[in-house]
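Remarks on the structure that follows.
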Amino acid sequence: HCLAVRAVCQREIDCDRGNGYSWKITLLRNYWKSKVKQEWLSGKYSSIPSQFSLPEKSMYPMDVHTWGEILEVELER
């Protein structure tokens, strides 16, 4: 599970591991973020007509770098 999460959230995982968090804590801190980020990166929400159409689980607190990654992928589509 940790490696799957790292495939999506490499910067976050590496930062947490560098700060001394165990793999268990790192996974707990980043699991849902990786799920939501992967959905955004895969284009699941590319053709949503408005923010009111987004499913409840489509949002998660993410930093500016993560939203930048998502925006770059969207602009390339």
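The values are calculated or read from the model by the stated rules, or taken from the named source; none is laboratory data. Keep in mind that this is a model prediction, so the values were computed, not measured. Glycine also receives a Cβ, built like all others from the backbone with ideal geometry; neighbour counts cover every protein chain displayed.
Looking only at region 49-57, decide whether some residue is of a type outside the set (Asp, Glu) and touching a residue at least 12 places away in the same chain (Cβ under 8 Å).
Checked against the condition, which is being of a type outside the set (Asp, Glu) and touching a residue at least 12 places away in the same chain (Cβ under 8 Å), region 49-57 yields at least one hit.
Return the residues of region 1-45 that are β-branched (Val, Ile, Thr) and either under 14 Å from THR66 (Cβ atoms) or exposed (fewer than 15 other Cβ atoms within 10 Å of the Cβ) (or both); say none if nothing qualifies.
Once the filter is applied, which keeps residues that are β-branched (Val, Ile, Thr) and either under 14 Å from THR66 (Cβ atoms) or exposed (fewer than 15 other Cβ atoms within 10 Å of the Cβ) (or both), region 1-45 yields VAL5, VAL8, ILE13, ILE25, VAL36.
So which residues in region 64-76 are of a type in the set (Asp, Glu) and surrounded by 11 or more Cβ atoms within 10 Å (Cβ to Cβ), if there are any at all?
GLU69, GLU74
Give me a count of the residues in region 28-62 that are within 23 Å of ARG17 (Cβ to Cβ) and either of a type in the set (S, T, N, Q) or modelled with pLDDT of 85 or more (or both).
Final tally of qualifying residues: 14.
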